[in-house]
Amino acid sequence: MLDFMNRHRFMFLCLGILWIKTVTVSFLTFNLVMAHWLEAIIFVINPLAFLLIVFSLGLLLKPKWQRGYFFTLSLLLTVVLYSNTVYYREFADLITLPMLVMGGNAGDLTTSVFELIQWWDIIFFLDLILIGWIMVKKPDPIPVERAPMKHEKAKYAIIAVVAVLIIGLGRVDFAEAETPAHSFDRQSLIKSLGIYNFYFYDAYLHFTTGAQPDLAEQDDLDAIEEHLERYHTDPNADFFAAAEGMNVVVISLESVETQAIELTIDGEEVTPFLNELIEESFYFENVYDQAGQGKTSDAEWMMNNSMYPLGRGAVFHTHPEIESRPLPRALGEESYTNMVFHANTDTFYNRDVVYPHLGYDEYFHLDYFDVTDENSVGWGLKDIPFFEQSMAYLAEEPEPFYATFLTLTNHFPYELDPEDTFIDPLDTDSDIVNRYYPTVRYTDEAVRHFMNRMEEEGLHENTMYVMYGDHYGIAESHYEELGPVLGKEIDDYEAVKLDRVPFLIHIPGMEEEAQRFDTVGGHIDMMPTVLNLLGMSQDNHVMFGTDLMAEERDDFAVLRNGTVITDEVIFVNEQCFHAEDGELIETENCVEAAARGEEELLYSDEIIYGDLLRFFDEEELQ
């Protein structure tokens, strides 16, 4: 075997360097928690299985082609590694195949990419420069040689056996038997499969899920309906129909986190208007971001369907026309006019296809707005002119209406013109942290402007306002700089707490009834809460969420990566914390909650992938 390696030194040089680079970058980039020392060993050797297979295929080529093959392979795999590293810096996730298929609809892969690239990223490609130099200047000391299968059967057999053994070891679970499952956590998959093998698994999921609608049957709904019935909670009867017949305005607060609400920096409130509004509203301070890779569109999906988003890609793109029982369609049956305002292109995230299917009658997209260099920044039209221009359309609509507004200004990378700055940027080592709070402050001012305009148009008193943060704003890669701003060290427990997003409902005339709710919930709980306030039946819908005002509801939320939060425990990264004080406790305390979270995500995925609601008979749930 040593002679074989000596005769193919160039291949083993490329393979060895890429292996070391892959392991080093994965350890430094991805937030991996090793529960057992054998997990760490397997993680180190996992990439070797894939690399042995793809590099050994080059030995079948003629020598004149081998160096080019090995160099090209090293380059392509380095690009895969580097692309995921850059993406992870902001989104704490991996690039999946559905995201690549989404292309221009997704936007996240191409938007502000230069903001994520660092000058020292050149080190990712230094080995390729070395390999290229050897190929051109010193090819002889590091030879290549063809290895025909018929002459080297034993060597190829050894490579195949080693690769299979490594892959097999990667599937061994070294955690204790009572450790909760984590099949929706991509970081766990990276730990057990390695980043390159992960893409084979992702491709398998991509193609097999596409066939599920053809295989689905009526009986597939039985277990799901049983699960939903088990955790069903009656909505709060005291607030039933409190806003019956009123207009509904939904405002998606781009990237606004709960930690920014009621926060004071250098004596300045970050959200002074929302702080005032909270005192006269129903405010839910423990609602968690459950969006997946679809980000804002995922939050829209949950707000209007009370079903979880997919773990891979965005429902708006992968399943734009599946059968569902959305809130706008239900409101349309109650004579509501449904509309949505978003100052972006109509095809962004397939919204031109999805919105009519959800029941929206009108979609006011980019073509309806006057966007100039003066009134736009970052991702497009600033929030204040966005609301101002939208009012011209809203004021002409018949009542009652259901109107959704998607704000843009507080979007990564949080750019703001000097004339729109109400508080100064911070002074930390993170430009993202520094710029985040001024853009949140601007969005807060935009909401104030909008509600004043609603009063001027005579629409305010008959409108229920629903406002929510659509997803997180500051990524984990900036937590070291964020910690001092918030006055705490951000560990895994505190990181989960930062996944909270604001959710408030303001009903003019009910200021005296205003109160805060500390119940644990998520985006999926918004729709049932709104339905109850509007006095509408929940029997016609399949919802995983429950009314956040319900007195008997369980304190529960599961995030798209499998993290589970209750009023008693928090399960994250295969660790179990006491919910109140963050004390690390035995994982057996999280088993029940994690199992429920696993079921919730699994059943919701089955509905979407199998298009199961076409079989739903509402009479069965009444």
Test: E276 is outside any loop (DSSP other than H, G, I, E, B), open to solvent by 60 Å² or more (accessible area, probe 1.4 Å) and at pLDDT 95 or above: yes
Within segment 192-259, helices (runs of 4 or more DSSP H) holding 2 or more residues that are crowded, with 18+ Cβ neighbours inside 10 Å: 195-209, 220-230
Test: residue in segment 195-209 that is at pLDDT below 80, closer than 24 Å to F544 by Cα and β-branched (V, I, T): yes
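Going residue by residue through segment 342-349, is there one that turns out to be free of Cβ contacts under 8 Å to residues at least 24 places away in the same chain and over 18 Å from V250 (Cα atoms)? Before you say what the answer is, go through the steps one by one.
Going residue by residue through segment 342-349, those that are free of Cβ contacts under 8 Å to residues at least 24 places away in the same chain are 345-346.
Now narrow it down to the ones that are over 18 Å from V250 (Cα atoms): 345-346.
Yes, that holds for at least one residue.
Based on what the data block shows, is D346 among the charged types (D, E, K, R) and touching a Phe, Trp or Tyr at 6+ places or on another chain (Cβ under 7 Å)? Working first, answer last.
Numbers: among the charged types (D, E, K, R): yes; touching a Phe, Trp or Tyr at 6+ places or on another chain (Cβ under 7 Å): yes.
Criteria met by D346.
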Given (1) open to solvent by 10 Å² or more (accessible area, probe 1.4 Å); (2) closer than 21 Å to F273 by Cβ; (3) touching a helix residue (DSSP H, G or I) at 6+ places or on another chain (Cβ under 9 Å), index of the condition M464 fails: (1)
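Out of the residues in segment 58-67 that are open to solvent by 20 Å² or more (accessible area, probe 1.4 Å) and in contact (Cβ under 8 Å) with a residue 40 or more places away in the chain, state the one that is nearest to C14 (Cα to Cα).
Within segment 58-67, the first condition is being open to solvent by 20 Å² or more (accessible area, probe 1.4 Å), and the residues that meet it are 60-65, 67.
Now narrow it down to the ones that are in contact (Cβ under 8 Å) with a residue 40 or more places away in the chain: 60-63, 67.
Numbers: L60: 16, L61: 16, K62: 17, P63: 15, R67: 10 Å.
If we take residues in segment 58-67 being open to solvent by 20 Å² or more (accessible area, probe 1.4 Å) and in contact (Cβ under 8 Å) with a residue 40 or more places away in the chain, then R67 is nearest to C14 (Cα to Cα).
Where residues in segment 260-273 are closer than 28 Å to D554 by Cβ and in contact (Cβ under 8 Å) with a residue 60 or more places away in the chain, which of them is surrounded by the fewest Cβ atoms within 10 Å (Cβ to Cβ)? First the steps, then the outcome.
First pass over segment 260-273, keeping only residues closer than 28 Å to D554 by Cβ: 260-262.
In the following step, the residues that additionally are in contact (Cβ under 8 Å) with a residue 60 or more places away in the chain were identified as 260-261.
Numbers: A260: 26, I261: 23.
Here the answer is I261.
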Those residues of segment 279-306 which are under 15 Å from Y355 (Cβ atoms) and either aromatic (F, W, Y) or open to solvent by 10 Å² or more (accessible area, probe 1.4 Å) (or both), in sequence order: T296, W301
Residue check for R448: outside any loop (DSSP other than H, G, I, E, B), more than 26 Å from N338 (Cα to Cα), basic (K, R) and within 29 Å of the chain's Cα centre (by Cα): no
Subset tally (residues that are of a type in the set (A, V, I, L, M, F, W, C), assigned to a loop (DSSP other than H, G, I, E, B) and touching a residue at least 60 places away in the same chain (Cβ under 8 Å)) for segment 465-518: 7
A181 modelled with pLDDT under 75 and in contact with a helix residue (DSSP H, G or I) (Cβ under 6 Å, 6 or more places away or on another chain): yes
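The values are calculated or read from the model by the stated rules, or taken from the named source; none is laboratory data. What you see is a predicted model, and the numbers here were worked out from it, not measured in a lab. As a convention, Cβ positions derive from the backbone with ideal geometry for all residues, glycine included, and neighbour counts pool all protein chains shown. These area figures cover heavy atoms from the full protein model, side chains too; ligands, DNA and RNA do not enter into them. Shrake-Rupley method; radii C 1.70, N 1.55, O 1.52, S 1.80 Å.
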